[in-house]
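Peer 1: One structure, pasted below without further comment.
The values are calculated or read from the model by the stated rules, or taken from the named source; none is laboratory data. In this text the structure is predicted, and so the values were computed from the model without any measurement. Here the Cβ positions follow ideal geometry from the backbone for every residue, glycine too, while neighbour counts run over all protein chains shown.
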Amino acid sequence: MTLSFRFGTVGSPAATPPNPRGTVGGIKYATSIGLDALELAWVQGVRVSETTCAAIKQTAAEAGMALSVHAPYYINLNGDEEKWPRLRKYLMDAAHFGNLAGATDIIFHPGTYFGHSPEEVLRVIIPRLQGCVNELLRDGNLVTLRPEISGKAAMLGSLSDVLEMAKAIPGIFPCIDFAHLHARLGDGTMNSYDEWITMLALYKQSLGKNALKNMHIHLSGINYGPKGEMNHLVMEEADLDFRNLMRALYDTGVQGRIMCESPVLEVDALKFRQIWMDVSGEGK
């Protein structure tokens, strides 16, 4: 059954059996329950061998599984000049080993403002990110780097920030985390069909119609306060209007991947898949 979206989890499904271990086991289990995408959660560092990457790539190819990578949390495009080489290495290692593992997209948190305006910060980070892209292209590495929307207003990663990065650098595309988008301002906004339609129209205007056909989306319930994101929630405990979000995606013609970050990863991923099928009529 072919749907407009691939559905999967950020990290291996929670119920992945112990044998085979690791990502290989996660791919096999995810496939067995009807998921067809997996994001490798290398959030604490890239600690993987080339041999392991080759096994991941082969297993995913045999299963028809699309792979992406969530790069380490430590990346900060706006880090101090002396720290930047180390911070940069986290992103480049994720891109290098992710490519070896067969991943096509590298998701990362872009960093912090450190009290500066978004305009000031973008002037610093865009050349740095361009340098990363240039090096990957020189190496023949065609992964797509995707800065993710942040769940807190104090963090670099507003919708405007990630769109500006993508507009400035060919080959950069955002990771749209709709839970973070909803939580970011802490006021309950970005939770209606009309708001999402407006947001998706801006995405299309900024990056072109084709960008809507290859979106990388993170989704979960989310708990938030005045300063934004606090923690992720299971679908039933959240105020996010998942069905109307799916309607907005369908009515805008969006395609790509929807990756679940819920505390019950594969449970909610399969629920999101079912909501999509109900709204879109696909798979019937």
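Peer 1: Could you count how many residues in segment 240-268 are farther than 21 Å from M190 by Cα and touching a Cys at 6+ places or on another chain (Cβ under 9 Å)? Don't jump to the end; show me each part of the working.
Peer 2: Of all residues in segment 240-268, those farther than 21 Å from M190 by Cα come to 263-267.
So of that shortlist, the ones also touching a Cys at 6+ places or on another chain (Cβ under 9 Å) come out as 266-267.
Qualifying residue count, segment 240-268: 2.
Peer 1: So, in segment 143-158, exactly how many residues are more than 25 Å from A66 (Cα to Cα) and either at pLDDT below 95 or not in a loop (DSSP other than H, G, I, E, B) (or both)?
Peer 2: Residues meeting the conditions: 3.
Peer 1: Taking into account only those residues within segment 245-284 that are of a type in the set (S, T, N, Q) and more than 17 Å from Y203 (Cβ to Cβ), which is surrounded by the fewest Cβ atoms within 10 Å (Cβ to Cβ)? Walk me through it before giving the result.
Peer 2: Keep residues of segment 245-284 that are of a type in the set (S, T, N, Q), which gives 252, 255, 262, 274, 280.
From what is left, the residues that are more than 17 Å from Y203 (Cβ to Cβ) are 262, 274, 280.
On the way: S262: 25, Q274: 13, S280: 17.
Among those residues, the one meeting the criterion is Q274.
Peer 1: Another question, if that's okay. Can you pull out the residues in segment 212-240 that are surrounded by fewer than 17 Cβ atoms within 10 Å (Cβ to Cβ) and not in a strand (DSSP E or B)? So that I can check it myself, show each step before the final result.
Peer 2: Of the residues in segment 212-240, the ones surrounded by fewer than 17 Cβ atoms within 10 Å (Cβ to Cβ) are 213-214, 223, 225-227, 230-231, 234, 236-237, 239.
Hits for segment 212-240 are K213, N214, P226, K227, V234, E236, E237, D239.
Peer 1: On the given criteria, is P72 within 30 Å of Q274 (Cβ to Cβ) and part of a loop (DSSP other than H, G, I, E, B)?
Peer 2: Values: within 30 Å of Q274 (Cβ to Cβ): no; part of a loop (DSSP other than H, G, I, E, B): yes.
When the stated conditions are applied, P72 does not pass them.
Peer 1: Would you call M190 in contact (Cβ under 8 Å) with a residue 40 or more places away in the chain and either touching a Lys or Arg at 6+ places or on another chain (Cβ under 6 Å) or surrounded by 14 or more Cβ atoms within 10 Å (Cβ to Cβ) (or both)?
Peer 2: Numbers: in contact (Cβ under 8 Å) with a residue 40 or more places away in the chain: no; either touching a Lys or Arg at 6+ places or on another chain (Cβ under 6 Å) or surrounded by 14 or more Cβ atoms within 10 Å (Cβ to Cβ) (or both): yes.
Taking the combined requirement at face value, the residue does not satisfy it.
Peer 1: Considering only segment 10-23, I want to know if a residue exists there that is without any contact (Cβ under 8 Å) to a residue 12 or more places away in the chain and not in a loop (DSSP other than H, G, I, E, B). I'd like the intermediate steps shown before the answer.
Peer 2: The first filter runs over segment 10-23 and keeps only residues without any contact (Cβ under 8 Å) to a residue 12 or more places away in the chain, leaving 18-21.
Next cut, not in a loop (DSSP other than H, G, I, E, B) only: none.
The answer is no; no qualifying residue exists.
Peer 1: Report whether or not E135 is within 22 Å of P85 (Cβ to Cβ), out of contact with any helix residue (DSSP H, G or I) (no Cβ under 6 Å at 6 or more places or on another chain), among the acidic types (D, E) and part of a helix (DSSP H, G or I). Explain how you work it out, then say what you get.
Peer 2: Details: within 22 Å of P85 (Cβ to Cβ): yes; out of contact with any helix residue (DSSP H, G or I) (no Cβ under 6 Å at 6 or more places or on another chain): yes; among the acidic types (D, E): yes; part of a helix (DSSP H, G or I): yes.
Criteria met by E135.
Peer 1: If you don't mind, there's one more thing I want to ask. From the set of residues in segment 70-109 that are touching a Phe, Trp or Tyr at 6+ places or on another chain (Cβ under 7 Å) and in contact (Cβ under 8 Å) with a residue 60 or more places away in the chain, which is surrounded by the fewest Cβ atoms within 10 Å (Cβ to Cβ)? Please lay out each step first, then the result.
Peer 2: Restricting attention to segment 70-109, the residues satisfying the condition of being touching a Phe, Trp or Tyr at 6+ places or on another chain (Cβ under 7 Å) are 70-72, 74-75, 78, 87, 90-91, 94, 109.
In the following step, the residues that additionally are in contact (Cβ under 8 Å) with a residue 60 or more places away in the chain were identified as 70, 78.
Details: H70: 26, N78: 19.
Taking the candidates together, the pick is N78.
Peer 1: Residue under question is T31, and the condition is that it be at pLDDT 95 or above and within 26 Å of Y90 (Cβ to Cβ); does it hold?
Peer 2: Working: at pLDDT 95 or above: yes; within 26 Å of Y90 (Cβ to Cβ): no.
Judged against the criteria, T31 is not a match.
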